[in-house]
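Report on one structure; see the data block that follows.
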Amino acid sequence: MTTKIVRGRFRKPAAAAAETLSSPEPAMFSMMFHSRLLAENYAPPTVTFAQEAMTYLREHPETEFIDIYLYDCHGRPRGKKIGVEALLSLEEGCYFPLSLYATEIDGQIVQAGDDALSAIEPDRLCLPVPGTLKPCAKDPKRYAQLQLSMREQDGAPCPLEPRVILQRVLNTFHQRGLYPVIAPEMEFYLSETPEETAADAWPFFQIDGAPSVAALLADIERHAGLQTRGLTGIVAEAGSGQYELNFRHTDDPLAACDNVLAMKRLIRQLAQAHHHSATFMAKPHSDKAGSGMHFHISLNNARGENLFAGPPEALPEIMLHAMAGVLALMPASLALIAPNVNAWRRLRPMLATPRFSGWGHNNRATAIRVPCSSPKARRFEYRLAGADANPYLVVATLLAAMLYGLDKAPGLPPADAAPPPLPTNQPHALMLFALSPWLREQLGDDFARLWLTSKREALARFEHEVTEAEKAWRL
């Protein structure tokens, strides 16, 4: 599908895609039917990593190097470059330190009182994630990239790895015959280095932008296609220089989150090549709209039928319970959804930011929006997370809260009602997360302890610094 570049506040290809899927023979649901049909009896064909690697090298014979990496708790890739001659040996795995998951944004290792992480720094076996061997945007002919996943000493998935945390929550859904379907949207800013010029700024509703930006966006589209990232649209947003990526609806949330993080890296690489810079900060400009990471979500059964399907005036009970759970745990969830001080700058009552934990029909002022759609494509949009959040953790937290709603059946307030406000600062959110046994259990208590320690340390370091604004006071 050709990427659509659209000027305007909201021209969402994702919504259009969902509408297409509601046709008499919906493509997404048909695909899911075949992939989920009699799930207990269906075993997809297995492909070894060696077979995947050999196929890739036949299709890309000029490959010389491969970037191998894992995503840390902040969604940042951490790894190294290897020569192509070492690629096949990765079927047996390689080793990275467990402390990779105990690093803060600046790379410092969190002193969590655990010698295994902060002092001993043991290595752990890391294996390729199937299907992630792709051309690398910095030089797709010569460079490839490969995502890894860490294992414990007994071979079990590492409980500190965000991708593993999401997989564990997904398993709970799958054991119940429920299959979450998601479509991510991610906003970001582009600017020419060293600073944006008036010629390259795209004013609101302008259709034709500067050639340098158009060339960069076209390159993003092309490389997203090379990497098969499921991109369906690039939308020019409200802020000058702000854009949004729309992704295809999929019943594979792990792959969807893989794609979100891979697109961040791809865009940064291509922006640099085009003499631009890209930022995914939640609030990079004090006088412009923040950048969010939204997720459209529904639940399918094993036959690919949307369990949220229904008219807006009579939403299914399962959808109401799921949204009620998300609302009930939203205050504690902010500890993961807004992972740093800059993320909290975005959560301010301005520019239609979803500041309050309400829900509504076709209302972008709420954190949960039920968008316009046909009954078969019914879903809700979760709008609270910023572009800087780790998508694995956002989706894992969102699904954990939906499970809470399905199991505990809290009451859902009326649409557009004024619920209690969310926490207004990070320490309050961290405290609520620490006191949330449901979220801690679903995400893993070891991870929860490490996350709380990490975020409190980072906040303490930030508050210790004297800012340039304070120095300018000349008191």
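Things worth noting here:
- For the range 208-342, a/c is not less than 1.5, where a ≥ b ≥ c are the root eigenvalues of the C-alpha gyration tensor, and a/b tops b/c. That puts it in the prolate class.
- Here the Karplus curve 6.51 cos²θ - 1.76 cosθ + 1.60, taken at θ = phi - 60°, turns the phi angles of the range 357-362 into couplings of 8, x, 9, x, 8, 6 Hz, with x standing for Gly and Pro.
- When the surface is traced with a 1.4 Å probe over the full set of protein chains, ASP123 keeps roughly 90 Å² accessible.
- Vicinal HN-Hα couplings computed from phi for the range 419-424 (Karplus, 6.51 cos²θ - 1.76 cosθ + 1.60; Hz; Gly/Pro x): x, x, x, 6, x, 9
- With DNA, RNA and ligands ignored, accessible area of LEU190 (1.4 Å probe; Å², nearest 10): 10
- Carbon and sulfur %, accessible surface of the range 414-475 computed with the full protein complex present, 1.4 Å: 60
- On full extension, the segment bounded by GLU463 and ASP445 gains 3.8 nm, given 0.36 nm per residue less the C-alpha separation.
- The amide H of THR366, built 1.01 Å from its N in the peptide plane, has no neighbour under 5 Å, considering only residues 5 or more places off or on other chains.
- 3J(HN,Hα) from dihedral phi, the range 163-176, Karplus parametrisation 6.51/-1.76/1.60, rounded to Hz, x for glycine, proline: 5, 5, 4, 5, 4, 5, 5, 4, 4, 4, 5, 5, 5, 9
- Euclidean distance of C-alpha centroids, the range 321-347 and the range 383-417, integer Å: 8
- The lysines whose alpha-carbon is closer than 20 Å to the alpha-carbon of LYS408, local same-chain residues fewer than 8 away aside, do not include any residue.
- Annotation: amide H of SER149 within the under-5 Å range of LEU127, VAL129, sequence separation 5 or more or interchain, hydrogens built in the peptide plane.
- At the residue level, ASP407 shows approximately 80 square angstrom of accessible surface with a 1.4 angstrom probe and all protein chains present.
The values are calculated or read from the model by the stated rules, or taken from the named source; none is laboratory data. Owing to the predicted nature of the structure, the values given are computational and were not obtained by experimental measurement. Only protein heavy atoms, including side chains, enter the accessible area calculation; ligands, DNA and RNA are left aside. Shrake-Rupley method; radii C 1.70, N 1.55, O 1.52, S 1.80 Å.
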